[in-house]
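Q: I am attaching a structure below and will ask some questions about it afterwards.
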Amino acid sequence: MAAYKDLSKEELLKEKKVLTKKFDQIKAQNLHLDMSRGKPSAAQLDLAMGMMDVLNSTSNLKCKAGVDCRNYGVLDGIPEAQELLADMTEVPANQIIIYGNSSLNIMFDTVARSMTHGVMGSTPWCKLDKVKFLCPVPGYDRHFAITEYFGIEMVNIPMTPDGPDMDMVEEYVNNDESVKGIWCVPKYSNPQGITYSDETVRRFARLKPAAEDFRIYWDNAYGIHHLYEDKQDHLIEILMECKKEGNPDMVYKFCSTSKVSFPGSGVAAIAASPANLEDIRKQMRIQTIGHDKLNQLRHVRFFKDIHGMVSHMKKHAEIMRPKFEAVLNVLDKELGDLEIGSWIRPRGGYFISFDALPGCAKAIVAKAKEAGLVMTEAGATYPYGKDPQDSNIRIAPSYPTPEELAIASEIFVLSVKLVSIDKILE
Ligand code: PLP
C-alpha cells in the first residue's frame with residue numbers, strides 16, 4: 001500500500017471504514033492485554049526456580065570470608081557476590097558494593113545523599129539555588145521520577161543512533177555549574193534499545209565538567225540482556241575509560257540481577273572509584289548493618305560464575321527473541337510502507353520504541369485501550385511526562401504470551417493507522 005500521506009481523502013476514508021470494522025470486531029472480544037511494563041514473563045521467572053533449592057536447612061551458609069550469612073555484617077557484600085556482579089559489570093571486584101534488591105533504590109539513595117550531604121565534600125545540592133540533570137530522551141520514566149521528586153530541573157537531550165547528542169551534553173556539562181548529573185542507560189537503552197557508540201563513551205570520559213560534583217549515572221540495567229548470540233552490541237567500560245582520561249570519580253555505575261533472576265528479589269550493586277565508594281560507605285554505615293547476604297549467597301550458588309549467568313541469559317533470549325520478532329514483524333508488515341511511524345530493531349533489552357506522527361501518541365494509546373490493550377502511557381518516556389512532539393510510545397513485549405502478543409500487535413497497528421488517518425485528514 002502507498003504511504004498514507006499520498007492517498008486522497010476518499011481513499012483514506014475508505015481505508016478508515018475497513019479498519020474501523022476490524023477494530024470493532026476485536027473490541028467486541030472484551031480483551032485484557034498488557035504491553036505496558038518491562039516485566040519478565042512467568043516462563044522467564046521459571047528459569048531461575050533452581051535458586052529456591054540451592055539453600056536449605058542443611059546448607060553451609062558461610063561465605064568465602066568465613067562469615068555466617070545468617071547474621072549481621074559484611075557491609076560491601078559477600079566476596080563471591082562482589083566477584084559475580086563485578087564480572088557482570090566488567091569492573092574489578094574491589095570497586096563494587098552489593099546492595100539490596102533494587103538498583104533503582106541505589107540511584108534514589110545516591111541522589112538523596114547528594115541533596116542532603118553533597119558529593120565527596122562538596123556543597124549539598126539542597127543548599128544550591130538550582131540543580132539540573134540532563135535527561136537523554138526518550139528515556140526511563142523512573143529515572144525522571146527520582147529527579148522530579150527532588151525538585152531537580154530536567155533538561156531534555158535528544159538521543160541519536162549513537163547515544164545522547166554529545167555536542168549538547170558537552171555544552172551543558174562543561175559550561176553550566178548547576179548541571180550535576182546525567183541519566184544514562186548505555187546498553188540496549190530503555191526504551192530504544194540503543195547502545196552508546198565507542199565515540200560516545202569516549203566523549204563522556206573526556207568531559208570537563210564545570211561542577212566538581214557532576215556525576216554520570218550509568219545505569220547498565222541491560223548489560224547482558226542480548227536477544228541474539230551472533231548479533232550483540234558492545235559497550236566500552238566507562239569506569240576504566242574515565243580513569244584513563246583523568247576523570248576517575250566522574251561516574252557511578254549501577255546494575256542488578258532483576259531481569260536475570262527475579263525482579264524485586266534480585267541483587268543490586270553500584271560500582272565506582274575508591275573515593276566515591278568511601279563517600280557512599282559513610283552513608284551506608286548509618287543506613288544499614290548489612291544487606292541480605294542469604295540472597296547474595298543464593299545467587300552465587302545458583303549461577304556459580306559469570307559463565308553460568310551468561311548461559312542463563314541465553315535461555316532468557318530464547319523466550320524473548322520470538323516475542324520481539326513477532327511484534328517487529330507485524331510493524332514491518334503492517335506499517336512498513338505507510339510512513340506513519342518509525343521504530344528501531346533492538347538487539348537486546350526489554351523494549352521497542354515507536355515514534356508515531358507528531359501529535360498522535362496519546363490518541364494511539366487511548367485507542368488501543370478502547371480495545372483492551374494497555375500500553376505505557378504516552379509521554380512517560382520524557383521528563384515530567386511531557387513528550388513535546390507527542391510522538392513516542394514504548395512497547396514492552398516481554399510479559400504477554402506469544403498468542404496474546406499477536407492480538408496485541410494487531411490492536412496496536414490498527415490504532416496507529418486509525419489515529420494517523422484522522423491526523424492526516426485534520
Ligand atoms: N534501570 C532501568 C533502565 C530499567 O529499565 C529498570 C527496570 O525496568 C530498572 C533500572 C529497575 O531496576 P531494579 O529492579 O534493579 O531496581
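Q: List, please: which pairs have Cβ atoms under 6 Å, are six or more places apart or on different chains, and start with a residue in the range 151-174 that is more than 20 Å from Gly385 (Cβ to Cβ) and end with one that is among the hydroxyl-bearing types (Ser, Thr, Tyr) and surrounded by 20 or more Cβ atoms within 10 Å (Cβ to Cβ)?
A: Close Cβ pairs satisfying both conditions: Asp162/Thr200; Gly163/Tyr196; Gly163/Thr200; Met166/Thr200.
Q: Still on this structure, I have one more. Name the single residue that is nearest to Leu335 (Cα to Cα) among those in the range 8-33 being touching a residue at least 12 places away in the same chain (Cβ under 8 Å) and of a type in the set (A, V, I, L, M, F, W, C).
A: Ranking the qualifying residues of the range 8-33, first place goes to Leu19.
Q: Being in the same structural domain as Glu245 (by TED's automatic domain parsing), within 25 Å of Ala275 (Cβ to Cβ), in contact with a strand residue (DSSP E or B) (Cβ under 6 Å, 6 or more places away or on another chain) and part of a loop (DSSP other than H, G, I, E, B): is that true of Tyr196 here?
A: Yes.
Q: Would you pick out the residues in the range 228-249 that are touching a Phe, Trp or Tyr at 6+ places or on another chain (Cβ under 9 Å), assigned to a loop (DSSP other than H, G, I, E, B) and either under 18 Å from Asp292 (Cβ atoms) or touching a residue at least 60 places away in the same chain (Cβ under 8 Å) (or both)?
A: Listed by number, the list holds a single entry, Asp233.
Q: Okay, next question. Scan (1) over 30 Å from Asn60 (Cα atoms); (2) touching a residue at least 60 places away in the same chain (Cβ under 8 Å); (3) among the β-branched types (Val, Ile, Thr); (4) in a helix (DSSP H, G or I) for the single condition Val365 breaks and write down its number.
A: With respect to (1) over 30 Å from Asn60 (Cα atoms); (2) touching a residue at least 60 places away in the same chain (Cβ under 8 Å); (3) among the β-branched types (Val, Ile, Thr); (4) in a helix (DSSP H, G or I), Val365 is out only on (2).
Q: Condition check: closer than 23 Å to Leu47 by Cβ, charged (D, E, K, R), surrounded by fewer than 20 Cβ atoms within 10 Å (Cβ to Cβ) and more than 16 Å from the ligand (Cβ to nearest atom). Does Lys243 satisfy that?
A: no
Q: Yes or no: the range 271-284 includes at least one residue that is surrounded by 14 or more Cβ atoms within 10 Å (Cβ to Cβ), closer than 25 Å to Asp24 by Cβ and not polar (S, T, N, Q).
A: Among the residues of the range 271-284, not one is surrounded by 14 or more Cβ atoms within 10 Å (Cβ to Cβ), closer than 25 Å to Asp24 by Cβ and not polar (S, T, N, Q), which makes the answer no.
Q: I've got another one for you. Select from the range 90-105 the residues that are over 15 Å from Ala145 (Cβ atoms) and either free of Cβ contacts under 8 Å to residues at least 60 places away in the same chain or part of a helix (DSSP H, G or I) (or both) and list them in ascending order.
A: Pro92, Ala93, Asn94, Gln95
Q: While we're on this one: Can you tell which of Ser273, Ser258 is of a type in the set (S, T, N, Q) and within 30 Å of Leu328 (Cα to Cα)?
A: When all the criteria are applied, what remains is Ser258.
Q: Looking for something touching a residue at least 24 places away in the same chain (Cβ under 8 Å), within 13 Å of the ligand (Cβ to nearest atom), within 30 Å of Ile344 (Cβ to Cβ) and under 22 Å from the mean Cα position of the chain (by Cα) - is there at least one such residue anywhere in the range 270-288?
A: Checked against the condition, which is being touching a residue at least 24 places away in the same chain (Cβ under 8 Å), within 13 Å of the ligand (Cβ to nearest atom), within 30 Å of Ile344 (Cβ to Cβ) and under 22 Å from the mean Cα position of the chain (by Cα), the range 270-288 yields at least one hit.
Q: Further question: From the list Leu75, Leu55, which one is part of a loop (DSSP other than H, G, I, E, B) and more than 30 Å from the chain's Cα centre (by Cα)?
A: Criteria check complete, one pass: Leu55.
Q: (1) assigned by TED's automatic domain parsing to the domain that holds Pro136; (2) within 16 Å of the ligand (Cβ to nearest atom); (3) in contact with a Gly (Cβ under 7 Å, 6 or more places away or on another chain); (4) not acidic (Asp, Glu): which one isn't true of Asn295, the others all being true?
A: It is condition (3) that Asn295 fails.
Q: Say we look at the range 189-214 and pick out the residues that are of a type in the set (Ser, Thr, Tyr) and more than 12 Å from the ligand (Cβ to nearest atom); which of these is surrounded by the fewest Cβ atoms within 10 Å (Cβ to Cβ)?
A: Only one residue tops the list, namely Ser197.
Q: Determine which member of the set Tyr222, Tyr252, Tyr217 is of a type in the set (Ser, Thr, Tyr), within 12 Å of the ligand (Cβ to nearest atom) and in a strand (DSSP E or B).
A: Tyr217
The values are calculated or read from the model by the stated rules, or taken from the named source; none is laboratory data. Just so you know, these numbers come straight off a predicted model, no measurement behind them. Using ideal geometry, Cβ is built from the backbone for each residue, glycine included, and neighbour counts are taken over all protein chains shown.
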